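Before any comments, here is the structure.
What follows draws every value from the coordinates through simple rules; no lab data is involved. It should be emphasised that the depicted structure is a prediction, and the values quoted were computed from it without experimental measurement. So basically every Cβ, Gly included, is an ideal-geometry build from the backbone, and we count neighbours across all protein chains shown.
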Amino acid sequence: MNFIVRGTVSAASLILAASSFAAGNLSVSREVIIERPLATVWKLVGSFNSLDVWLPPVRASSFSGNATQPGAIRMLDLGNHASVTEKLLSYSGAEHRYSYAFLSSPLPVKNYVATIELSAAGEGRTRVKWSSTFEAAGAPDEQAKEAILGIYDAGLGKLSTIFRE
């Protein structure tokens, strides 16, 4: 019995270590407060296939699989024959959070794993936080961070505009 417990702990430790390595050594995060209730904002942001509505570089979004189940694949058309393919890693409607990873992207990053998380910010407002870890690929670390933060700023800015109208 003791051997089984040790083996399980060791296997779990190895999986955790491998997951941490795959996530990348750089991290960025942005957040915005939206002047709308959490349930209202989640209806838009919580859809794994809605980035074409609130992320300006995305012209179209399609997916395969169940959009609330890990393993779903999202394909984003950026125009000019550029695209991003992402895989849903986790999804919790109850916690208003999902995580995804790039499978392919023209951005100067690799091992990109991101989380979008919403929480109540009081007085009928919602905090939207978008964070990620990754490694730079073909660009200096700061340039890779700026590329991701530029996308986050564009998306969160558009969300603010959508919910102001």
Any idea which of (1) part of a strand (DSSP E or B); (2) in contact with a Leu (Cβ under 8 Å, 6 or more places away or on another chain) is the one Ile151 doesn't satisfy? (1)
Considering residues of region 41-74 that are over 20 Å from Gly150 (Cβ atoms) and of a type in the set (Val, Ile, Thr) only, the residue surrounded by the most Cβ atoms within 10 Å (Cβ to Cβ): Val41
Failed item, numbered, when Phe102 is tested on (1) without any contact (Cβ under 8 Å) to a residue 12 or more places away in the chain; (2) assigned to a strand (DSSP E or B); (3) not charged (D, E, K, R): (1)
Scanning for something surrounded by fewer than 17 Cβ atoms within 10 Å (Cβ to Cβ) and touching a Ser or Thr at 6+ places or on another chain (Cβ under 7 Å), does region 148-162 turn up at least one residue? no
Selection count where residues are under 22 Å from Ala137 (Cβ atoms), under 13 Å from the mean Cα position of the chain (by Cα) and surrounded by fewer than 14 Cβ atoms within 10 Å (Cβ to Cβ), scope region 86-106: 1
Residue in region 107-126 that is surrounded by the most Cβ atoms within 10 Å (Cβ to Cβ), counting only those that are of a type in the set (Gly, Ala, Ser) and under 24 Å from Asn49 (Cβ atoms): Ala114
For Ala144, which of the numbered conditions (1) touching a Gly at 6+ places or on another chain (Cβ under 9 Å); (2) without any contact (Cβ under 8 Å) to a residue 24 or more places away in the chain fails to hold? (2)
Has region 85-95 got any residue that is in contact with an Asp or Glu (Cβ under 6 Å, 6 or more places away or on another chain) and either assigned to a strand (DSSP E or B) or within 16 Å of Asn49 (Cβ to Cβ) (or both)? no
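Ser132 - would you say it is among the hydroxyl-bearing types (Ser, Thr, Tyr) and in contact with a Ser or Thr (Cβ under 8 Å, 6 or more places away or on another chain)? Show your work before the answer.
Values: among the hydroxyl-bearing types (Ser, Thr, Tyr): yes; in contact with a Ser or Thr (Cβ under 8 Å, 6 or more places away or on another chain): yes.
The answer is yes for Ser132.
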For Leu38, state whether it is within 25 Å of Arg127 (Cα to Cα), buried (at least 16 other Cβ atoms within 10 Å of the Cβ) and within 13 Å of the chain's Cα centre (by Cα). no
